[in-house]
Structure formats: structure tokens, C-alpha cells
1. Calculate one ³J(HN,Hα) per residue across region 70-87 by plugging θ = phi - 60° into the Karplus curve 6.51 cos²θ - 1.76 cosθ + 1.60, and present them in order as whole Hz with x for glycine and proline.
2. Which value, in Å² rounded to 10, gives the accessible area of D216 with a 1.4 Å probe and all protein chains present?
3. At 222 nm, what value in deg cm²/dmol follows for the chain if DSSP H runs of at least 4 each add -39500 (n - 2.57) and the sum is divided by all its residues, to the nearest 500?
4. Find how much the distance from A184 to T84 grows on full extension, using 0.36 nm per residue of separation minus their present alpha carbon separation; answer in nm with one decimal.
5. Please give every one of the aspartates and glutamates within straight-line cross-link reach of K236, meaning a C-alpha to C-alpha distance under 20 Å, and leave out same-chain neighbours fewer than 8 residues apart.
6. Mean Kyte-Doolittle of at least -0.5 plus a Cα span of 15 Å or more along the axis: flag which DSSP H helices in the chain meet both, please.
7. Between N281 and D23, 0.36 nm times their residue separation minus their Cα-Cα distance comes to what?
8. When ligands, DNA and RNA are left out and all protein chains stay put, how many square angstrom of accessible area per residue does the chain have with a 1.4 Å probe?
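The values are calculated or read from the model by the stated rules, or taken from the named source; none is laboratory data. Quantities reported herein were computed from a predicted structural model and do not represent experimental measurements. Note that each Cβ is placed from the backbone with ideal geometry, even for glycine, and that neighbours are counted across all protein chains shown. Side chains are part of the model used for accessible areas, which takes the heavy atoms of the whole protein and leaves out ligands, DNA and RNA. Shrake-Rupley method; radii C 1.70, N 1.55, O 1.52, S 1.80 Å.
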Amino acid sequence: MVTAKAWVLKKHFEGFPKTSDFDLKTIELPNLKDGGKRKLLLESVFLSVDPYMRPYSRRDMKEGDIMIGTQVARTVESKNPAFTVGTFVVARSGWRTHFISDGKDLQLLPSSWPESLPKSLALGAVGMPGLTAYFGLLEVCKMKPGETVLVNAAAGAVGSVVGQLAKIGGCKVVGCAGSDAKVAYLKKIGFDEAFNYKTVTSLDEALRKASPDGYDCFFDNVGGKFASIAINHMKKYGRIAVCGAISQYNDSVPQQGPYMQVPMIFKELQMEGFIVTRWNNRREEGLKALLKWVVEGKVKCHEQVTEGFENMPMAFIGMLKGENLGKAIVKV
Ligand SMILES: NC(=O)C1=CN([C@@H]2O[C@H](COP(=O)(O)OP(=O)(O)OC[C@H]3O[C@@H](n4cnc5c(N)ncnc54)[C@H](OP(=O)(O)O)[C@@H]3O)[C@@H](O)[C@H]2O)C=CC1
Ligand SMILES: CCCCCCCCC/C=C/C=O
């Protein structure tokens, strides 16, 4: 018998999440059984904390549920020959240290994963956030060589990959982030222009200075006020990929305009929201491409690793506050 620890949503978040909204529980897991669904015992090694957990908790969870989320886990006991003991998988089993599965809901890491590459990257650049950057840029922004791409939350899990893929695709890249250290990082990984949106005197001027001719593509991770200013800097026929709206996730009262219809009309813009799971049937293609670029050093990855399962709520709240450089990960 194994005792798992799990974080549950004690109380729906009101405004910004607080540590008191979570509860740490213990769960006795039953032994594995021949036949039936109890085929594998897995232990979480790395867990992901992601912005989507904030809006999705309200939409999909009730109080007392285990927090939603993804982990890289190691097979500890197996009655399923497809997963021998020691096999690492990506699972969507929520914030728990151990769990039982029949294997159907688990994803193996790509077979060409090098031994020396941290497996935590399967939650970041070679996982859901990387795929978001890949499909958002290729399929929604439809970026072309020579174009100028703007991305916000640029030093985060999705944004840092967006910028680097746009460079690989032959674009000029402008990134915005919320600290000088993040801006220095963006320049180090190849962004052409980067600025701290919190300290510029005018966002409007900073966007104009970074690209006086405007932007062909805008990969929007933030929404709200930033997006309503950036839209005025789009070139005619520009494309906006509405990936996230983190500036609005913690609002108790919805923000008011300015509204976007007039620049949309006069610049004949395309603006499309998307969710990465739309391309689940092309997951293998995306992961293969991302893994290759990471192994070749063309996509560099930084991780903000918080040690200790007990610190999951803190890591989640820290990420929402912008404390992470690159992908926010918890190491059990
Ligand atoms: N559509 C989809 O399928 C997917 C969408 N997403 C979305 O992409 C976005 C980025 O996600 P991800 O890369 O995982 O997270 P990040 O690693 O970028 O972490 C979140 C970052 O958002 C920034 N941020 C937080 N609050 C604000 C605010 N009020 N205004 C501006 N920036 C803020 C912070 O960076 P800073 O210091 O720069 O402010 C923070 O570090 C999110 O909106 C997320 O919901 C993610 C995955 C899939
Ligand atoms: C329980 C794990 C669910 C993983 C789904 C990932 C989809 C993320 C879509 C993100 C939207 C906004 O952040």
C-alpha cells in the first residue's frame, strides 16, 4: 500500500489565488491487480504549474477536487508490459505524488529523447507550452520569413519558444517581459528587441521604437490593456494569435475596453483564439520538431524549478505573479 499526497482546491479562487485556497491531503492507494484497471503505480517526479489552471479551475472543478495538472512520472510497479518499471511518462493526473493508471491515459516521451536531456522539458519546450508556440505561430499567425513578430510574456514557457521559433523561421522578433533580468535573457536567446513593459514610460512609444514599421504577427499571451495598445501597431493584414489573457485571469470584475473593432476594420486584421489541443493529431510532428531544435541548441530552455511537492501552491502563485523565468516546474 502506498500513501499519496495530493493538493485539493479547498475554495474556488476569488481574485488572486492564495495558499489558503488549497489543502494538502493524503490518499491510500490500493494495490495493483491482475486484470482490470489497476495496472501501473507511478510516482510524480516533475509537476507543471500553468496559467490555464486558474481559469480552468473555475470552469471544470468543484471545491474538494484534486488540482488539475500534468506531470512527468516514473513507473514504480507494473502489470502492463508497455510500461516497464523505470519508464518515464507524461500524465494528466493532477497535483499528486503517486497515482494508479491502466496506461491508456499516459504518453511516453519521444523515443529519441537523449538520456542527458532533462525530462522536465516534456512539460515545457518539448511539451504542451512548446506545442502552443509551434502551432500558434505556424497555423494561427501563419508567420513568413522577413516578417516582424511581437510576443508578450516573452520570457515565459510559451513566449520564449515563440520568439526562438520565429527567429528560426527568419522573422524579426520583439518581446516584452516584466523585469530587466527577463529582458536580458530575451536578448541572450536571440530576440532582436526586448523591453520591460512595467518600466517603459509609454508602451505605445516602446512598441513603435522596437518596430517603427509595425508588426505582421502578434502572439498575445496577455490580453487586456497590452493587447488594446499593441493592436494599433499592427501592419495592414496583420495576424493576431490570441493564445492567453493572463492579465485578466484574476479579475473579479471584467475589465472595460478600449475596443478593438476600429483598428481591426481599417487594418483588415485577422484575430483568432486557439487552444493547443486543436492539433492533438499532430502532436508527434510538433514534439519531434521541438526536440530536434532543443537538442541542436537552436531553442534554449530555462526552467524555474521549485523544490518540494509541499510548495506547489507557492510555485503556482509565484508564476501568476511573474516570478518565473522560463517554465515554472515543481520537483517533488
Ligand atoms: N491557448 C492555449 O492553448 C494555451 C495558452 N496558454 C497561455 O499562454 C500564456 C503564457 O503561458 P505560459 O507560457 O505557460 O506562462 P508563463 O511561463 O509565461 O508565466 C506566466 C507569465 O505571465 C506574465 N504575467 C502574469 N501576469 C501578468 C499581467 N497581469 N500582465 C502581463 N503579464 C503577466 C508573467 O511574466 P512577466 O514577468 O513578463 O509579466 C508570468 O511570468 C498564458 O496566458 C496561458 O494561459 C498557455 C498554454 C496553452
Ligand atoms: C489536466 C491537464 C489539461 C491539460 C490541457 C492543456 C490545455 C491548455 C490550454 C491552455 C489554455 C490557456 O492557458
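1. 10, 9, 9, 10, 10, 6, 9, 9, 9, 10, 10, x, 6, 10, 6, 4, x, 5
2. 20 Å²
3. Values: 9 runs with 82 residues, N = 332.
Computed ellipticity for the chain at 222 nm equals -7000 deg cm²/dmol.
4. Values: separation 100, 0.36 × 100 = 36.00 nm, distance 4.32 nm.
Roughly 31.7 nm would be gained on extension.
5. E139, E147, D204, E205, D213, D216, D220, E268, E272
6. Details: long enough: 157-168 (17 Å, 1.29); 283-296 (20 Å, -0.18).
Those that clear 15 Å and a mean of -0.5 are 157-168, 283-296.
7. Values: separation 258, 0.36 × 258 = 92.88 nm, distance 3.60 nm.
Working it through step by step, the gained length comes to 89.3 nm.
8. Values: 15610 Å² over 332 residues.
That works out to 47 Å² for each residue.
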